[in-house]
Structures are given as C-alpha cells and as structure tokens.
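Read-outs throughout are calculated quantities, based only on the coordinates presented, and are distinct from any laboratory measurement. Quantities reported herein were computed from a predicted structural model and do not represent experimental measurements. Neighbour counts run over all protein chains shown; Cβ positions are idealised from the backbone, glycine included.
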C-alpha cells in the first residue's frame, strides 16, 4: 500500500543547494559569535514539560509541542479527568516532555543546572532548531532555526553596545545593507505607564503600544481606552505618537516627558550611554533607530530591547531581536543574575538573501576549500596558492 | 517557586568543549562525504506518523516518540476507544506526527516526494538528530546524531567498495586505527536458510544467528531448534559456526556449503567482487572481515551488510553500519530503485575518541583559523603565513 509522501504542515525538506546556503548564513553568524568571544553550547531538543510550561504566557503554552508519553500512557491518567475530556487539563498526565520553544529558557535551565562549572560572565552562543505549533505563513515555520548569543552575569551596558555592533557586523558580512536595528528600553515603557497612571497595567499598555506600526494611532488609543486608560492619560502620551527626528532628538523629547519618573530617566540614561559609546565606533551598514513603541512580546525583558528590520525593499517581519532580562534564571532558583542576548532568525534571513539575490555563487567551492584546509593544516598553504590562481582563470 | 532543573532522561547538554569536539568529528565525516561526492540534504525533525509507523517492526513502533496533537485533541477521539483505555489503539487519534527514528525512512520519503527534481544515481548525506525511546545506557541516548550517506538508483557493487573505503578514510583521518569493518550479504543468509530448509523462516533464522557473538553456539542452536529448525538442518549448518581463516578462506568454505543455492552463490559472487576490487586499492588502517553471522536488525536490507566495530581496546557496541536495500522507496510508491548506504554513530565515535584520547588539542585554534579563512578569501593567504609561523614558536 503506497502512501502519498509529504512533510508535516509548517516543516520543510532542504535540498543540497538550500543546505549549503543555510550553512553559509550559519557559518557567517557563527564566525562572528566566536570573534565576539561567545562559545557554543547545545541543549536537548526536548525538555521536561515543567521546564517550559508557564514561561511564555498562555498563548506560548498552547503553541508548545508536547510529546506523548511512551508505553501504556493512559494507565497513569486519572479516571475522572479522562471522562471530562478536558484536553488542557490532561496534558500533564499524557506528556512529560516537550519540544523546545526557544533557546532562552533552556539556556536559563542550563546556566542554573551547570552553575558550578561556569565562569561568569558566561558568553554562550547556540544555533539550534526550535518548534512552535503556530499557523504557518511566509517566513514562519513550525520548525525553525534560532541563532542566539547571550551574556549572563554582567550588568555592563557595553554588552548591549557589543550586540549592536555584532548585528551590524553580521549583516554587513552577509552584504545585507540597510538593516534597521530598532532599540528601546523597558524602563522607558515602565516610566510612561507610570506617568500616565497605568503602572499596574504595564503589560496591556505595552502590548497596545507595540501595535502602532500595524494598526495606527487611533486604534491603539482605542485599545488603551478599552483597557481603562483615561483620556487625560492619553493626552499626556501624545508626544510618543508623534515622535520624530534623530536618535538624539527623540531622546531629548522623551527626557522632557519622563522627567518625573525615576525608572523612565534610568532608561533614558542607558540609551544615552549606548549612543555615546557607538559614536566613537560607528556602525558599518546598519542604522540604529530609537523606537519608543517597540515592546517585544516576551515578558522577561527588563532593560534594553532590540529588534532588527530587514532593508525596506524586503517585506518580511523582524529578522532578529533580543534584550536584557534581569531575572530569567530565578525561575530555576538562581537569583540576581543579569542577562542580555540577541537572536538571529535564520529562516527569515535566508529569505532576505534569496530575495536580494545575495547568496555567493561560490558557496560550494568555498566549502570544499575549507574542508581541505581543516584536514591538512600547513600543507594547504601550497593548495591555497594553486586554488587562488586557478580561481582567477 | 524554584524548580530543580534537569534534562530529560537519555538526553544531554553539551558544553563548549563538547560541542567543539563533536564538530571536529562531524566536520571530518562531512568532508569525506563531500570528497566522495555526496551532497547534503536535511529533513524535518518530525514526520507524519503514518510515514514512520510500521517501518521498523513492532519494537520500533513502540520506541518512536509521538507528538501530542495541539488544540482540543481529545475532541477527535472516539468515545468507545477513550473508555477502553487502550493506549496503543489511541495513539493514531492523539498524534499525527512523530520524531524521526532514523534518517533512512525519511530519506526514502524524500526521494519519492522529490523524484522529479532528483538526478539518479542520487548521492546524498545527512547529519541530523534522531530520537528513540530506548532504555538509556552507555553510548545509547534517546536523542543522538546519525551521519548517513546513501546512493539510490545504482546497482553497481562499486558503491559498496566506495563505502568500505569511506569508512577506512574517515577512521584513518580521526586516527582511530584498527577498526574492523564486518561484511556479510543477506543473499548468503537467504541461501543458508534455503539449504537447511528454513527459507520461510529467514528472519527468525538470521535473528538467532546474529546472537552468536553474545550467547554462543549452543544457545543459538537451541533457539533455532525452538523455532522449528531440525537437527539434520543444524548439522548442515555446522561449518558456519566453526568458520575461521582469512576472507578468502571463509568465502571458499561457504562456496562449498552453498553450491546448491542460486541466491547463496550470488551473495558469494558479490563478496568476491568486493574483495577483488579492494585488492588493487588497499585499506589504510581498517580491516575488512567476512562475518557470516552478521545479520543487522532492520529487515529492509537485501544485499551486502556492514557493521563497524571499534578497536578491540574499546568496549562499545558497533560504531557504524549499513547495507544495500532494494525496495525501500516502494513503501512510498516508487518501485525498482536500489539503494545502498552507511551510517556513522557520532555519539559512540565520540566516546571512542575520548577513551583513546584522540581529540586534537588545537580544535578551537583550527576553527578560528577556518572562520578567518571563510571570511576573507584571498587576504587570508597572508594570515596563513603569519599564523603558521606563530604556531611554531
């Protein structure tokens, strides 16, 4: 009986050309991660269910792929629960493990589990697959590759500066010119919520603000009002909606607005420091843009947040993002460890390179070269000369 | 509430040194795969459940990790079935997808699905993780990495010869000297079953024979008798149990035994051809050993079968295996495509290198080198000279 063969929805086969092109991007990112002093680690594809559940909000919990227990898994299920047919309540009885949803939470688990073997600050990178039961669309898959670099155990803002330069270096190296690195600071969002008297509604406030790009000023305001933010408060917020100008100009305007909020001013100060540091060490091809409406979905961020937009000519969601989180490892029992990290979305970056026709022709030639090199060490010197001269013919 | 963090049973975190050492092995294997003309493909981590079930025998079906359906998965379950609490029968209603169990079946699915885009013979390699809900033990994990190379669409025995040389090259390159490449041919096993009148019991016959190493001659004979093989038949089989000497000597002895079996003699002929071909092109550090008791578990093999044993000083199961299968793609509707392939067991090879202390000290230095090389192309020529001279200091 022949079956019609296919891959599950949201997953893909990669043919040799695609594998080589993906490797080209991965190797570029990897190389820069290592040049910036990050070391590779890997964690299992699946984690204990309890490690992941409750870390990504309700929506995230739903999108985690759970693995059915092996053996006579129904034997352990509570009879009443079985009869209730409550899918949600039964998950933890049917499944002990789940595919990882991102690299950050497993990394936090790693840091806590291996804390005695780690020297802090710990700079690690991780390039692995993650899985989400999301509805597939262009650039969104159910299995995709994340490339993460994080530093844990350092409060220095120079880490943030390094990450901005790392983004710039990688995209410059991939010849993707004109990416925008959007930056904001959760402390500024907290400050804004504070001065409009919505400090206890920080999350719904930032979620609404985050949508400004997509749904426009009026509907954002409407959503905020529905969430109980008053008209007076919204009036105070008006400068945020009409903010224009350079990084410095926007920062100046926000300074005026947030002067009465201690946490808000701390956020301003951090963004000023980063801007100063980058002045003496300018970006190559990327632009740093202060985007006060940037919120980033995940709730664990506490300081700077980043998001990278592809060049204007490519219509695709963000191709990278990250930020500082001050308390991520505390969910696993390790307190007061500050972390900051960024992620590259390999699958979307691939689409950008494809659309802009930026894959080098010589990918496979180059690989062949390197393997030879790896093998022979010094003998390759001769080979290098021969190959280079041959290339020019 | 702090949780005590851990990885699920049978899975592992890899620290930076371990990642680099794994990459050293992977890169060595990859480089040789490419030198032998194989191209990389990748398939998703999970497949449709129907793609995997029924391909690995009952035991295999049990060891496949199934993924719980998302959403209100209980809603679709048959009421009677739910009440029966029959875990096995309910699997297909609770799960549409499963983690891949090996790379071969997904590869067969790939070949059939993309047959119009493939030029045959198709030589592909694949280095990816697979998952088995096996009981963990030394060198056996629930998530592990397979490195497979296969050729489909070629009947030439020169493919088998190439694979033997590939094994030899990889292990020589890794400096693992003294591996034994055991070879046998399913046609010889079929011939033996034929001449002892157990042609319809080929599988139980080979399964019993396969255990000779572990349980010894007497218990193998006992098991065969229990499976209905007569004493007269076992007498005929006696030369198999006492086979000694060189490859050629064993082959001669088998020739006498199998002279009346057409399929058996075909197997002999194939093994003779391979031996002849290797004479003009000798192995570097590996030894080829004809092992008539070698059967290999999976039932899809039809011709030559291989298994690689680590050097005698390391006590570990096989570190590689493979063989020819003539009908694998037919389960997905593509007939008459012969395939042959081998696999490297990365996790066990890692343990062998660790035990024999064979990891180079310069792994990370070497990587750094290569990244630089990748990046700059020709400029590196200068850098090569500088680095090499620095290395000698």
### Task
Note the distances from residue A:222 to each other copy's matching label point, with points 7 Å along the Cα-to-beta-carbon direction, in nm, sorted shortest first.
8.2
### Summary
In Å, the C-alpha Rg and Dmax of the protein assembly as shown are 29.8, 101
### Message
Suppose a student asked you for the relative contact order of chain A, using Cα pairs under 8 Å spaced at least 6 residues apart; what percent would you report?
### Response
19 percent
## Note on the structure
Here the gain from full extension of residue A:235 to residue A:355, 0.36 nm per residue of separation minus their alpha-carbon distance, amounts to 39.0 nm
### Task
Starting with the fewest neighbours, write out B:283, A:192, A:346 ranked by other beta-carbon atoms found within 10 Å of each beta-carbon.
B:283, A:346, A:192
### Message
Please report, for residue A:279, the nm distances (one decimal) from its label point, 7 Å out from Cα along the beta-carbon direction, to the equivalent points in the remaining copies, shortest first.
### Response
8.2
#### Entry: Most mobile of A:322, A:256, A:60 in a GNM of chain A (Cα contacts under 10 Å)
A:256
### Query
Using a Gaussian network for chain B with springs between C-alpha atoms less than 10 Å apart, which of these wobbles most: B:190, B:133, B:295?
B:133
### Query
Relative contact order (percent) for region A:217-350, with alpha-carbon contacts under 8 angstrom and 6 or more residues of separation?
14 percent
### Summary
chain B, Gaussian network, Cα under 10 Å: of B:224, B:53, B:90, the residue fluctuating most is B:90
### Message
Please arrange B:350, B:247 by how many other C-beta atoms lie within 10 Å of their C-beta, fewest to most.
### Response
B:247, B:350
### Query
Taking neighbour counts of Cβ atoms within 10 Å as a proxy for exposure, in what order, fewest first, do B:171, B:359 appear?
B:359, B:171
### Query
What gaps in nm, shortest first, separate residue B:242 from its twins in the other copies when you place the label 7 Å past Cα toward the beta carbon?
10.4
### Query
Between residue A:6 and residue B:175, what FRET efficiency follows from the Cβ-Cβ distance if R0 is 30 Å, with the result rounded to 0.05?
0.10
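Cα-based Rg of chain B per 2.2 N^0.38 Å, rounded to two decimals?
Rounded to two decimals, the normalised Rg is 1.11.
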### Query
Roughly how many nanometres apart are two label points built 7 Å out from the Cα toward the Cβ at residue A:119 and residue B:156?
5.3 nm
### Summary
Once normalised by the length of region B:239-298, the mean sequence separation of its alpha carbon contacts under 8 Å that are 6 or more apart gives a contact order in percent of 39 percent
